[in-house]
Amino acid sequence: MNKTYYIGHFLKDFNDGGQSRNKAFRDYFVKQNAIIPLIYSKNPIIRLGYLLNFLKVILFSKNNKFFIHQGTLLVLFPIPVLKINFIREFIFRRLQYLSNHNEVTIEVNDLPYEQSKDLELPVDEIYKVFQDKLYTLRNTKYVFASHEMGKYVNSNFNLSYDVIINGSNIVEDFSKEFSLNECFLSNQTKYIYAGGLNKGRQIESLISTFYNREEILILIGEWGDWLKDYNLSKNIFYLGKFEEKYAQYLSSKCDIGIIPYDDNRFYYNICYPTKASFYITAGIPFLSTPLLELKNVFDPLEMVFFVAYNDWKVFMDNFDKTSLSAVKEKIQAENYKFCWDELLENYFKNNN
């Protein structure tokens, strides 16, 4: 192989799990001196130039390696473009040509069609068309962000695939730079939810579960401005959004992270939430609903708590905070396995 190309995008203004994943891969490929074509610009003319350059690369490349994010293909070729039949066919013929003459790996972080259906988002059938064509490319490798997601897609398309779960980074110390909010100084058990705070994302139910309890609930993340006018009890704190490294530092000052996703929904069971590794690398266990992917990964390690959501109050009523020291010792011994450096080095060491 002559050259290595990394086809990915990273939007600095977003701090969601997908962008954290993209940034980790990008940082890895920068260290490997990969060729990284520019992909995204807010200026449509510049963006068109990036697209034409990408098409030139895939039209003439031979005997090179390509690592391509599925999500980046949707940035290059937005849904309105994919709906045009002859353009869509042209795109996938070029991708098949690329796989026939190069070593191509496609990274899959989400399944947009299944995700939209299960999370009650607007469903566009073109996502299914896109996924069906993408997963039937011949001579192509795939990397999924969870084991259950890989199994699900493989059951329909019989792929050659690997798994790299969502990782995080070892927590940094910001104690000399920032003072902590008073809620972090409480002797009560401190629970933290770090992530998107959109309405309808179990946030209202979470607030209701913790309302007027002794335990502290801390909410940090994007899209939570509506909480400023919400009737929060004195034990519940909305602190706003923070840069990822500092959000992880704040999480490390709590006792237990929270993953409240509805375990009756298919998509939540096959995805690996970035929050899981984020909390573990912060040095704290998390309380989660019994999601299939997370149980498969963490049950053998005995360092997180899986409880049906309806039983969370019972869990909190009976929780012995003194047991945390033993759990955190296990986490300290194992959390390196959930760091991006470890996950990516292990994968690429075995696939080069």
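Please treat every number below as a calculation from the coordinates, not as lab data. Remember, it's a predicted structure, so these values are computed and weren't measured experimentally. FYI the Cβ positions are ideal-geometry reconstructions off the backbone, even for glycines, and counts take in every protein chain you see.
Structure note, pairs K141/K275; K199/K349; K117/K241; K234/K275; K56/K151; K31/K83: Cα-Cα distances above 31 angstrom occur for K199/K349; K56/K151; K31/K83. For the range 4-164, relative contact order (Cα pairs under 8 Å, six or more residues apart, normalised by length) works out to 20 percent. Under the combined filter of DSSP loop state and at most 13 neighbouring Cβ atoms within 10 Å, the range 46-120 retains these trypsin sites (Lys or Arg not before Pro): K62. Using a cutoff of 8 angstrom between alpha carbon atoms and counting only pairs six or more residues apart, the relative contact order for the chain works out to 14 percent. Coupling constants for the range 161-171 follow from the phi torsions by the Karplus curve (6.51 cos²θ - 1.76 cosθ + 1.60, θ = phi - 60°), and in residue order they are 9, 10, 10, 10, 5, 5, x, 8, 10, 4, 5 Hz; glycine and proline get x.
The phi-based Karplus calculation (6.51 cos²θ - 1.76 cosθ + 1.60; θ = phi - 60°) puts the 3J(HN,Hα) values of the range 223-229 at 6, x, 4, 4, 6, 5, 9 Hz, whole numbers, x for Gly and Pro.
Taking F315, F278, F178 as the candidate residues, the one with maximal mean-square fluctuation in a Gaussian network model of the chain, Cα springs under 10 Å, is F178.
The relative contact order of the range 182-338 comes to 20 percent, based on Cα pairs under 8 Å that sit 6 or more residues apart. Here's the list of aspartates and glutamates a cross-link from K313 could span, going by alpha-carbon distance under 19 Å and ignoring same-chain residues fewer than 8 apart: E204, E214, E215, D255, D262, D263. What is the range 61-123 by shape, rounded, prolate or oblate, if you read a ≥ b ≥ c off the alpha carbon gyration tensor as root eigenvalues and call it rounded for a/c under 1.5, prolate for a/b larger than b/c, and oblate otherwise? Taking the square roots of the gyration eigenvalues as a ≥ b ≥ c, the range 61-123 is oblate. Entry note, the chain: the mean residue ellipticity at 222 nm calculated from DSSP H runs of n ≥ 4, each adding -39500 (n - 2.57), is -12500 deg cm²/dmol after division by the residues and rounding to the nearest 500.
Compactness check for the chain: Cα Rg over 2.2 N^0.38 Å is 1.05. Let me know the shape class of the range 4-164, please: from the alpha-carbon gyration tensor, a ≥ b ≥ c as square roots of the eigenvalues, rounded when a/c is under 1.5, otherwise prolate if a/b is greater than b/c, or oblate. Rounded, because the longest to shortest axis ratio a/c is under 1.5.
Please say if the range 21-104 is rounded, prolate or oblate, where rounded means a/c under 1.5 for a ≥ b ≥ c the square roots of the C-alpha gyration tensor eigenvalues, and otherwise the choice is prolate for a/b larger than b/c and oblate otherwise? Oblate. Spin-label pair E222-E204: with each label point 7 Å from Cα along the Cα-Cβ axis, the two points sit 2.3 nm from one another.
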